[in-house]
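Novice: Provided herewith is a single structure, encoded as structure tokens, for subsequent inquiry.
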Amino acid sequence: MLVSFYRALKFSVKDIFRNIWLSVVTIIILILAIFSVNLLLVVQVISRAAIDTVRDRIDVALYLKTDATESDILSLRAEISSLDNVREVVYISKQQALEDFQAKNVNNPDILEALREIGANPLSPSLVIRPHDVGHYDSLIAELNKISNPIIESRNFDDHKLMLEKINTITDKVSQAGFFVSILFIFITLLVLYNTIRVAIYTHRAEIGIMRLVGGSDWFIRSPFIISSIIYSLVGMLLTTVIFYFFLTLLQPYLETFFMNYDFNIINYFKNNFWQFFILEMIGTAIINILASLVAVRKYSNI
């Protein structure tokens, strides 16, 4: 068994280098197919991250009276933080509100001049509340409305219901489109890989027929092509990994600009899931290549 395996491996390696240009074309097709699948994954990951970014920025605000004491504000903050659907409560003091306002209007001298003419800080302290789950946004608003505290001056509960409905609609459409595009793309990839392997084996149809005529067993005829398929898959995956990592390093700076103030790193995402993606894609590619090899060899060995 070991001798037969060694012979099959030797024949497979010799065949790969003997038909080096055909091998190169096969590997390039594999790289393009695997890279395209990974590119589709990147698009889906970025889409989900963009939607999560919009969800994360939905918040509500309570504006407090200017004479509210620090202890009263912190007590109210603790009360709100204890609510089930509250992820974070940010306290913005009068001074912080003023600094934020000035930074936001740094290119608007008229507003800054009007602020200087007032001679005092006209802004109020506030509590910005961010929910755990925007799907329960209405229940959070209801709970906040139940809080009756004398230091609350006004409530800025913008109606985000329309925005949330749009986000949910976009999420559903992205998921559905991603699913159908993935199925279509995978089907095209399978078809391309299958035909590429069949073309590669077609060039050996005479050799396969001769091996069958001289009494070669099914294992002896098929095993070199199976081993070649595994080698093609491994080399294709390794080269795709290098190329794809280089592509992600070029893409990451643009994503950092787009997802400003949001912790999103596409390189870390694929690093954390590297073995999962690598193993699944390697197994999938190898299975496709092996099946294509078996079908093609069987066709040309029926003598």
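Please treat every number below as a calculation from the coordinates, not as lab data. Predicted model, so just to flag it, every value in this text is computed and none were measured. Virtual Cβ from ideal backbone geometry, glycine too; neighbours counted across all protein chains shown.
Novice: How far apart, in nm, are two points set 7 Å out from the Cα along the Cα-to-Cβ line at D72 and at K146?
Specialist: 2.4
Novice: Need the full-extension length gain, Y262 to V45, defined as separation in residues times 0.36 nm minus the C-alpha distance. One decimal, nm.
Specialist: On the way: separation 217, 0.36 × 217 = 78.12 nm, distance 1.44 nm.
So the chain would gain 76.7 nm between Y262 and V45.
Novice: Quick one: compute the contact order of the stretch 59-159, relative version, from alpha carbon pairs under 8 angstrom and 6+ residues apart, as a percent.
Specialist: On the way: 118 pairs, mean separation 52.7, N = 101.
Computed value for the stretch 59-159: 52 percent relative contact order.
Novice: Once you've got the Cα coordinates, tell me which of K10/K271; K104/K271; K94/K166; K146/K166 are over 32 Å apart.
Specialist: K10/K271; K104/K271; K94/K166
Novice: So, in nm, how far is label Y6 from label Q276 when the simple model puts each one 7 Å beyond its Cα toward the Cβ?
Specialist: The modelled label-to-label distance comes out at 4.2 nm.
Novice: Arranged by the count of other C-beta atoms within 10 angstrom, fewest first, what order do L280, L76, L62 take?
Specialist: On the way: L280 11, L76 20, L62 25.
The fewest-first ordering by Cβ neighbours comes to L280, L76, L62.
Novice: How big is the dipole moment of the stretch 59-159 about its Cα centre under a simple scheme where the beta carbon of each Lys and Arg is +1, that of each Asp and Glu is -1, and everything else is neutral? Debye, nearest 20, please. List each step's numbers first, then the result.
Specialist: Values: 9 positive and 18 negative charges, 30 e Å.
So the magnitude is around 140 debye.
Novice: Given the stretch 59-159, what whole percent of its Cα pairs are spread farther than 25 Å? Intermediate results must be reported in sequence, preceding the final value.
Specialist: Numbers: 1388 of 5050 pairs.
Here the tail beyond 25 Å accounts for 27 percent of pairs.
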